[in-house]
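The block underneath contains the structure these notes are about, expressed in structure tokens.
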Amino acid sequence: MQFFTDNFPLLRDAFLTTLGLSLLAGLLALVLGTVLAAMRVSPIPPLRGLATFYVETFRNTPLTVVFFFIVFGLPQIDFVVSFFVGAVLSVGLYTAAFVAEALRSGINSVGPGQAEAARAIGLTFGQSLREVVLPQAFRTVVPPLGNVWIAMVKNTSIAAGFATTELAATLPRLANANAGDILLILLAVVVGYMLITVPSAYGIHRIERRVAILR
């Protein structure tokens, strides 16, 4: 208990940093991923090509490389952000590619007759996607999007190597100061991540059951 009492402020701040990083990156990934998914099914070839290039590039690039590009590469062209903002951009832009693919699979699962009926009543492609297709697609892809979210929370640990004091970054710091409490340090960090992922998994399961009834 002495260990947790002495190090609670550090662990608390690291947990809040991880939570904030996850929420902001998740929001960015959801918004951008939705736009990319819409572009992937667009009838305009240049938009499809641009979205495909983005998705394939980020899906096949290690997240660490994305971090290096955002944190150290962009300053070379005078685009400088803080380490935390760089972490949000890195994780969010990377995860958006996976969100886009999950949503695209959901869009493709919607019956073609739905879009045809929307066009028959005069809706444009954008209106059809927004009013008819995407609501059904989101209900279909709740489980894969939930998996993407949980994987993203764990991916935020890479920010520890780029001067962002989140949960994983506290490991070497606490280990150096408390060499005899390694197991307690690992336990504290694991519990910190589980405080985000376990309630998330429960919430995703509840949402999945609710949308299954709606379908």
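The values are calculated or read from the model by the stated rules, or taken from the named source; none is laboratory data. No experiment lies behind these values; they were computed from the predicted model shown. With ideal geometry, Cβ positions are generated from the backbone for all residues, glycine too; neighbour counts draw on all protein chains shown. Please note that ligands, DNA and RNA were not included when accessible areas were found on the heavy atoms of the full protein model with its side chains. Shrake-Rupley method; radii C 1.70, N 1.55, O 1.52, S 1.80 Å.
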**Prompt:** Per residue of the chain, what 222 nm ellipticity follows from adding -39500 (n - 2.57) for every DSSP H run with n ≥ 4, rounded to the nearest 500?
**Reply:** -25000 deg cm²/dmol
**Request:** Could you pull the accessible area for Met39 with a 1.4 Å probe, rounded to 10 Å²?
**Result:** 30
**Item:** Filtered chymotrypsin sites (Phe, Trp or Tyr not before Pro), the range 69-105: DSSP coil and at most 13 other beta carbons within 10 Å
**Value:** Phe79
**Asked** (1) 42, 17, 15; (2) 38, 22, 11; (3) 30, 19, 16: which one is semi-axes √(5λ) of the Cα gyration tensor in Å as calculated from this entry?
**Response** (2)
**Fill in**
For the chain, whose charge dipole is built from +1 on Lys and Arg Cβ atoms and -1 on Asp and Glu Cβ atoms, the candidate among Gln114, Thr156, Ala25 with its Cα farthest towards the positive end is Gln114
**Relative packing of peptides 120-128, 106-114 - highest average C-beta neighbours within 10 Å first** = 106-114, 120-128
**Item:** Rounded FRET efficiency, nearest 0.05, which uses the C-beta distance separating Ala151 from Leu186 and R0 of 30 Å
**Value:** 0.90
**Prompt:** If a helix is a whole DSSP H run, which ones in the chain reach 30 Å or further along their own axis (Cα) and hold a mean Kyte-Doolittle hydropathy of at least 0.0?
**Reply:** 2-40, 83-109, 182-214
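Any idea of the accessible area per residue across the chain, 1.4 Å probe, to the nearest Å²? Write down the numbers at each step before the final one.
Details: 11720 Å² over 215 residues.
Averaged over the residues of the chain, the accessible area is 55 Å².
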